[in-house]
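Trainee: Can you read through this structure? Questions will come right after.
The values are calculated or read from the model by the stated rules, or taken from the named source; none is laboratory data. All values reported here derive from a predicted model rather than from experimental measurement. Note that each Cβ is placed from the backbone with ideal geometry, even for glycine, and that neighbours are counted across all protein chains shown. Remember, those area values only see protein heavy atoms, side chains included, never the ligands or the DNA or RNA. Shrake-Rupley method; radii C 1.70, N 1.55, O 1.52, S 1.80 Å.
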Amino acid sequence: MAKSAERPRVRKSLANLEPPPRKKRPETLTSREQEILELIWAGFKNKEIGQRLKISVKTVEAHRANMMKKLRVSNTAQLLKSALQEGALKIR
């Protein structure tokens with residue numbers, strides 16, 4: 001094929017490219033996160049929660065970290081306070 005017959009390559013400017021849409025983190029807690037939140041409220045430690053739910057301590061820690069991100073808090077006291085305020089926890 002002759003070079004004159006080839007189409008010129010159109011190059012998109014990098015300035016016009018948009019990143020792919022990001023999925024928003026769900027704001028509601030999963031059922032497992034809710035279960036762990038209630039155990040935290042009951043006073044159980046991560047190791048005890050893991051044993052009770054038959055999951056590793058690392059998994060409990062991951063769920064706790066995800067809940068803290070969703071509720072935009074940085075410690076357990078804030079996690080529990082925020083969960084109470086948002087209705088994710090009910091005082092019995």
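Trainee: Looking only at region 66-92, which residues are open to solvent by less than 50 Å² (accessible area, probe 1.4 Å) and without any contact (Cβ under 8 Å) to a residue 24 or more places away in the chain?
Mentor: Once the filter is applied, which keeps residues that are open to solvent by less than 50 Å² (accessible area, probe 1.4 Å) and without any contact (Cβ under 8 Å) to a residue 24 or more places away in the chain, region 66-92 yields M68, L71, V73, S82, G87.
Trainee: Checking the conditions here, which among T59, T28 is hydroxyl-bearing (S, T, Y), closer than 29 Å to K90 by Cβ and modelled with pLDDT of 95 or more?
Mentor: On the way: T28 fails: modelled with pLDDT of 95 or more.
Only one candidate passes the filter, namely T59.
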